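The block underneath contains the structure these notes are about, expressed in structure tokens.
The values are calculated or read from the model by the stated rules, or taken from the named source; none is laboratory data. Bear in mind the structure is a predicted one, so any value in this text is a computation, not a measurement. Note that we place each Cβ from the backbone using ideal geometry, even for glycine, and neighbour counts take in every protein chain shown.
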Amino acid sequence: MIVFGVKAGNIGNFDISGSKCDYCGQESSQRISVFGKYAHIFWIPVFPVGKKAIAECTHCKRTIEEKNFPPILRELYKENKSKAKRPFWHWAGLGLLGLLVAIMSIAGITKEEDPRDQLLRNDIMAMNPSPTMESDSISYKIKKVFDSFANEDINPGKFEYLTTINGDKALILVKIPNLKKVKKEARTEALEMIEVITNEQEDLKNKDKYIGVHGTYNMMLIKTPTDLQNNNIVSENSLYEFYGPKTKE
């Protein structure tokens, strides 16, 4: 399906006198039809890309393209072509793009940032491919399970881990770069493997667990006391609850 390209539409017609028709020899007027070419995306005009003209002898009806205009007709056309004006909708795509940019800019200015987002970003950046019993014993045990049971196609050696506790809450993060290779319905096995380990840990008894499984670029699996998400892109807002209520700096 073609969704972009160049189209042309008639933008004006006018008569020019004083040019002899090379075909019939009559000095009757020439009817000029001007077509405006424009680039389009999904058939929405984006911007103009030029014009073309066709002349028709009003006597014999022979038509010729602009590139074949005799010199006199070419000069007369140049003097009169301003009569064919482009309609505003040939710039419609640029107008829509400008409006979209303006809306996004206003939304970016007015959007109130949640400081907990940066806290989560920091924890994601702190994930470790080789946690130890001394540095992060829970992540170390989770890694052992994934190393033993995860499919080699998703390369468990590239996984990263982080577990941190905040009062009566625990945040468990695992990064699986090749998670998109796993069918959506099978991805929950990763959550089940994490829960098998964390449910046995004395340090996590009676704590609310906030589990996030990250793909290459974004979170793809989330399970919290109030939320369960499984998609190529999921909202991380429910993980913010681990850090407590939203507060302004």
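A few points about this structure:
- Residue that is surrounded by the most Cβ atoms within 10 Å (Cβ to Cβ), among those in the range 147-168 that are under 20 Å from Asp123 (Cα atoms) and aromatic (Phe, Trp, Tyr): Phe159
- In the range 188-229, the residues that are surrounded by fewer than 18 Cβ atoms within 10 Å (Cβ to Cβ) and charged (D, E, K, R): Glu189, Glu192, Glu195, Glu200, Glu202, Asp203, Lys205, Lys207, Asp208, Asp227
- Taken together, Ala92, Ala102 contain a single residue that is assigned to a helix (DSSP H, G or I), of a type in the set (Gly, Ala, Ser) and surrounded by fewer than 13 Cβ atoms within 10 Å (Cβ to Cβ), which is Ala102.
- Inter-residue pairs, beta-carbon under 6 Å, first on the phi > 0 side of the Ramachandran plot and in the range 212-234, second acidic (Asp, Glu), 6+ apart: none
- Criterion (modelled with pLDDT under 90, hydrophobic (A, V, I, L, M, F, W, C) and more than 22 Å from Gln229 (Cβ to Cβ)) met by exactly one of Ile106, Ile165: Ile106
- Yes/no for Ala190 being under 29 Å from the mean Cα position of the chain (by Cα) and not aromatic (Phe, Trp, Tyr): yes
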